[in-house]
Structure formats: C-alpha cells, structure tokens
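Written out below as structure tokens is the structure these notes cover.
Just so you know, all these numbers are worked out from the coordinates, no wet-lab data involved. Keep in mind the model is a prediction, meaning the values are calculated, not measured. In this analysis, Cβ positions are derived from the backbone assuming ideal geometry, glycine residues included, and neighbour counts consider all displayed protein chains.
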Ligand code: SAM
C-alpha cells in the first residue's frame with residue numbers, strides 16, 4: 001500500500017511558490033497550546049511543513065526543529081524561508097527511533113491513503129521519545145475522496161481516526177477535538193485536531 005499519493009505531491013510541486021507565499025495566519029492556531037506543554041529545549045519534528053511557517057515560529061521561539069516535507073519544491077520554499085536545509089521526506093520514509101520530544105503534523109497526514117495511515121502513525125510513535133507528544137489535523141468526512149484541485153484526502157470520521165491510531169500503537173493518551181476550518185480549495189469543513197502522547 002502506497003503511503004503517498006502522486007497526484008497530491010504533484011499538485012504541491014507545481015503550486016509550491018504560490019502555496020508557500022499565499023497570505024495566511026502567521027502560524028497555525030493550535031501551535032501555541034502545543035508548544036506551551038513542551039520544554040524550551042524540546043526537539044520537534046515537523047512533518048509536511050509546506051512553506052515552513054510553523055517551523056519558522058518554532059525556531060523563533062528557540063525550539064530544536066527538524067522541518068521536513070515530501071514535496072521537493074515546497075521543501076525548497078521552506079528552506080529559503082528558514083535559511084536552513086529542509087529534508088525531503090515522505091511520511092513513509094520516517095524511520096527515526098525515540099529521537100523527538102514532539103511531532104507536529106498540521107494539515108498533512110490528511111493526504112495519507114487511509115489504509116496506510118496506521119503504518120505512518122506507528123512510525124511517528126516509534127520516532128517519539130517516551131512521553132513524546134504528537135499533533136495532527138485532518139479534514140473530516142465519511143471516507144476517502146479528492147477535492148476540486150485533485151488532492152487526495154482520507155476524510156475520516158472521528159471513529160475511523162481513533163481506530164487508525166489504536167491500530168498503530170498503544171498511546172498513553174488520545175484526544176480528538178473538532179472545529180470549523182477552511183482550506184486552499186476555499187471549501188469550509190469540519191476539522192479533527194488529534195493530540196496523542198506516547199507512554
Ligand atoms: N503543514 C503545512 C501548513 O500547515 O501550512 C502544509 C500543509 S499542506 C495542506 C500539506 C503538506 O503535506 C504539503 O506541504 C505536502 O507537500 C505535504 N505532503 C503531502 N503528502 C505527503 C507525503 N506523502 N509525505 C510527506 N509530505 C507530504
């Protein structure tokens with residue numbers, strides 16, 4: 001099972017400059033409470049960092065950040081913004097072991113083909129140190145589909161997400177909050193914000 005969608009990464013590669021430079025909030029709204037729970041020396045892995053806005057904020061606050069993205073072009077955009085190398089890494093290539101205090105995955109694991117999601121979540125679990133924190137957000141729905149821009153989404157329900165997390169690993173803590181949100185396609189949707197902690 002492929003853990004990435006070629007058409008989706010193709011979209012981000014083609015659209016990278018426009019996507020990275022669009023006017024958006026300075027950083028994701030959920031970043032502040034996430035960072036508030038971490039030590040100032042925390043080592044944070046960002047998955048699917050896009051143009052690098054959240055990594056920029058984390059670096060500004062002094063965290064030890066590793067930004068990554070599966071799109072070569074978006075990684076280049078982020079690298080130019082951050083002034084440091086951004087690793088081109090697809091989610092399924094994550095093979096770190098107990099290396100990070102936290103993993104930040106804003107609006108990116110929603111592009112993982114649903115059947116491959118438990119494997120990616122297990123990789124995140126393995127990459128976290130004991131007690132490590134993991135945040136990811138998803139557009140909700142009743143199952144897989146594409147938006148008008150051709151991007152793949154797993155569009156899970158709350159139950160589907162919880163099942164995928166539980167199938168991946170024995171998390172010490174799992175919490176899902178929902179809220180309204182937008183997207184690059186301009187369609188308002190219900191979002192799931194999932195925070196999980198490794199034992
Ligand atoms: N996290 C950023 C933000 O909040 O602005 C970007 C979100 S954007 C909706 C989704 C990101 O996931 C893009 O940067 C895209 O290149 C990346 N992505 C999609 N599929 C991926 C994969 N299989 N592996 C790694 N990154 C992927």
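At a Förster radius of 25 Å, what calculated FRET efficiency corresponds to the Cβ-Cβ distance of residue 158 and residue 187, to the nearest 0.05?
The computed FRET efficiency comes out at 0.80.
Over the alpha-carbon set of the chain, divide Rg by the Kirkwood Rh and report the Rg/Rh ratio to two decimals. Working shown, then result.
Values: Rg = 15.4 Å, Rh = 16.7 Å.
Ratio value, two decimals: 0.92.
So how far apart, in nm, are the two label points at residue 87 and residue 148 if each is 7 Å from Cα heading toward Cβ?
Those two pseudo-labels are separated by 3.7 nm.
In whole angstrom, note down how far apart the Cα centers of segment 1-69 and segment 99-138 are.
Value for the Cα centre distance between the two parts: 13 Å.
For the chain, what is the calculated [θ] at 222 nm in deg cm²/dmol (nearest 500), taking -39500 (n - 2.57) for each run of four or more DSSP H residues and dividing by its residue count?
Per the formula, -9500 deg cm²/dmol.
When only C-alpha pairs under 8 Å and at least 6 residues apart count, what is the relative contact order of segment 6-198, in percent? Mind showing how you got there, number by number?
On the way: 389 pairs, mean separation 34.8, N = 193.
Computed value for segment 6-198: 18 percent relative contact order.
Just to verify a number: FRET efficiency for residue 129 and residue 175, C-beta to C-beta distance, R0 = 25 Å, to 0.05?
Working: r = 19 Å, r/R0 = 0.77.
The formula returns an efficiency of 0.80 here.
Extension gain residue 7-residue 22, at 0.36 nm per residue separation less the Cα-Cα distance, in nm?
Between residue 7 and residue 22, full extension yields an extra 3.3 nm.
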